[in-house]
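The values are calculated or read from the model by the stated rules, or taken from the named source; none is laboratory data. Values in this document were obtained by computation on a predicted structure and should not be read as measured data. Glycine also receives a Cβ, built like all others from the backbone with ideal geometry; neighbour counts cover every protein chain displayed. Only protein heavy atoms, including side chains, enter the accessible area calculation; ligands, DNA and RNA are left aside. Shrake-Rupley method; radii C 1.70, N 1.55, O 1.52, S 1.80 Å.
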Amino acid sequence: MAAKPDDFAPHPIKEQLPGVDFCLASSPPWPQAILLGFQHYLVMLGTSVFIPSLLVPQMGGGYEEKARVIQTLLFVAGINTLLQSYLGTRLPAVIGGSFTYILPTISIILSPRFAYIPDPYLRFEATMRAIQGALIAASSLQIVLGFCGIWRIFMRFLSPLAAVPIVTITALGLFYYGFPIVASCIEIGLPAIILLVFFSQYVAHYFEKRRMIFDRFAILVTVVIVWVYAHILTVAGAYKHRPPKTQFSCRTDRAGLIGGSPWIKIPYPFQWGGPTFDAGEAFAMMAASFASLIESTGTLIAVSRYASATPVPPSIFSRGIGWQGIAILLSGMFGTANGSAASVENAGLQGLTRVGSRRVVQISALFMIFFSILGKFGALFASIPFPIIAALYCVLYAYTASAGLGFLQFCNLNSMRTKFILGFSLFMGLSVAQYFREYEIIAGYGPLRTHARWFNDIVNVIFGSAATVAAIVAYFLDCTMLRGDSATRRDRGWHWWEKFRSYKTDPRSEEFYALPYNLGKFFPSL
């Protein structure tokens with residue numbers, strides 16, 4: 001049988017992602033919206049629990065201090081998410097903790113001036129106040145870049161070609177928080193991956209009448225099943241004589257959060273005391289702020305894609321970064337021991353559920369605030385074993401990475417210039433960051449080791465961020481290679497976004513983010 005002429009036609013370019021059930025300005029029914037909001041809360045719990053669990057013991061804190069820091073981090077994340085959704089980009093982005101700030105924070109914790117404090121709690125307070133001061137100082141970087149419009153200039157020349165490595169490596173650069181943590185308790189981590197893929201990608205399509213349950217709520221179903229399974233193994237004594245590391249990863253009763261959490265506690269600014277400032281530590285934390293700025297930009301681009309929004313103008317990105325600087329300022333004031341950034345995993349969750357509604361994310365922010373105040377209830381959900389959360393990351397990070405690859409449709413993939421910029425930036429982003437990471441694990445310090453500890457931290461943070469390296473390489477090459485070539489502008493896909501960058505109507509209006517049938521009102525040529 002002869003093939004039809006259109007069988008070999010390329011897939012059409014979609015400036016807005018089709019197949020999204022609920023876009024930015026639309027909302028599912030209230031019962032579904034509440035469950036979806038709770039699902040976003042569960043997903044962001046992983047980072048909110050993992051980071052304090054790593055840092056607080058090194059600071060000298062115990063279970064009670066760890067529980068309070070987690071509560072504070074959740075409380076501030078809820079406030080910052082609401083601020084971003086109402087005043088910032090107005091995209092459905094969750095603003096939470098970031099792994100990028102771990103390195104300069106550990107550098108502060110290991111500072112010699114805290115080593116001679118004998119009392120663990122006093123050492124914890126002194127370290128926390130130093131971290132607060134560094135975060136408050138570092139917040140000025142994003143506040144200035146955002147509200148002064150400097151970041152708008154960067155976004156003005158960002159093309160789809162340069163956006164691909166930024167978005168993709170923002171997610172792929174977190175690969176060591178995926179399966180390596182799953183493997184720490186493979187008997188519960190691997191079943192979680194299998195069940196999540198099975199429910200969301202197979203069951204949802206074979207049982208059309210039950211598609212909504214297994215498609216939109218696959219995370220909830222998977223977490224409940226594997227969590228109960230892990231608790232049965234714990235109660236049955238499967239880990240009774242196992243090494244401490246295995247027990248911490250696998251058992252459901254080793255987090256110590258429920259006993260250390262108060263019933264009701266409202267976090268407040270400077271609860272650990274007044275912040276202390278050190279210039280070197282502030283500069284090192286600014287480097288982390290810059291790296292998180294790049295990563296958050298990639299995440300916000302992915303969020304806009306999964307929310308089926310039109311390409312966001314540079315001015316909106318700049319305003320969003322300014323409010324993210326305010327988020328870092330609040331993190332420093334309240335004492336979260338960590339900075340703020342757009343959540344990569346929650347961006348992936350929007351792709352998994354096909355729901356990019358802003359209302360859902362605002363509901364999740366209310367869950368963060370509610371369970372951070374009611375400590376015992378929040379600690380119950382926060383005690384989910386890390387391998388289960390890491391299993392979710394394996395799927396959610398993949399969705400965010402694929403959002404970046406989707407921008408290749410705007411580029412000319414038959415161009416050798418495109419192939420070089422794309423391949424070189426992706427490879428160097430992963431390779432350079434992995435070199436810095438492995439060097440530090442083996443030697444105990446980064447490749448650069450001068451007498452200025454703060455300068456070492458700046459270099460290690462920037463080049464240890466895969467997304468930052470990929471962004472620098474891709475943006476520089478894309479803006480400098482063959483600039484005079486008339487075909488370059490179309491090869492890099494820049495013309496697809498340019499018409500949105502010249503948008504004259506208020507981008508904060510709902511019409512700007514609406515579905516394609518509204519585009520004709522603003523762009524008659526479409």
Computed over the chain: longest principal axis from alpha-carbon atoms vs helix 63-86 long axis, angle to nearest 10 degrees, is 20
Under 29 Å between C-alpha atoms, the lysine pairs in the chain lying 8 or more places apart or on different chains count 16
Largest-first ranking of CYS148, CYS185 by accessible area, probe 1.4 Å, whole protein assembly kept, is CYS148, CYS185
Protection proxy (average C-beta count within 10 Å per residue), highest first, orders 418-427, 347-356, 403-412 as 347-356, 403-412, 418-427
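For region 138-248, what class follows from the C-alpha gyration tensor (a ≥ b ≥ c being the square roots of its eigenvalues): rounded when a/c is under 1.5, otherwise prolate if a/b is larger than b/c, else oblate? Before the final figure, lay out each step's value.
Numbers: a/c = 2.98, a/b = 1.65, b/c = 1.81.
Oblate, because a/c is 1.5 or more while a/b does not exceed b/c.
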Ignoring ligands and nucleic acids, ILE153 exposes an accessible area, probe 1.4 Å, in Å² to the nearest 10, of 100
Lone Cys, the chain, Cβ cut-off 4.7 Å -> CYS23, CYS148, CYS394, CYS411, CYS479
Each label sits 7 Å from Cα toward the beta-carbon; between LEU220 and TYR206 the label points are separated, in nm, by 2.3
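What does the highest-first list of 330-336, 178-184 look like by mean Cβ count within 10 Å?
Numbers: 330-336: 25.0, 178-184: 18.1.
Going from most to least packed, we get 330-336, 178-184.
With a 1.4 Å probe and all protein chains kept in place, how do HIS40, HIS495 rank by accessible area, largest first? Don't jump to the answer; show the numbers that get you there.
On the way: HIS40 5, HIS495 35 Å².
Per-residue accessible area, sorted high to low, gives HIS495, HIS40.
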Taking Cα atoms, the helix 314-334 axis meets the longest principal axis of the chain at an angle in degrees (rounded to 10) of 0
The set of residues whose placed amide H lies less than 5 Å from the amide H of SER340, leaving out same-chain residues fewer than 5 positions away, is ILE328
With all protein chains present, the chain has a carbon and sulfur share of its accessible area (1.4 Å probe) in percent of 68
Over the chain, the sum of -39500 (n - 2.57) across DSSP H runs of at least four, divided by residue number and rounded to 500 deg cm²/dmol, gives at 222 nm -20500 deg cm²/dmol
Expressed as a whole-number percentage, the relative contact order of the chain with C-alpha contacts under 8 angstrom and at least six residues apart is 31
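Per residue, what accessible area does the chain have, given a 1.4 Å probe and all protein chains present, in Å²?
Working: 21530 Å² over 526 residues.
Roughly 41 Å² per residue, with all protein chains present.
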Quick note, region 313-403: a/c under 1.5 would make it rounded; otherwise a/b > b/c is prolate and the rest oblate (a ≥ b ≥ c, C-alpha gyration tensor); here it is oblate
Taking 307-316, 430-439 and ranking on average Cβ neighbours within 10 Å, highest first, one gets 307-316, 430-439
To the nearest 0.05, the calculated FRET efficiency linking SER315 and PHE277 through their beta-carbon distance, R0 being 30 Å, is 0.40
Per-residue accessible area, 1.4 Å probe, largest first, puts TRP151, TRP263, TRP454, TRP30 in the order TRP263, TRP30, TRP454, TRP151
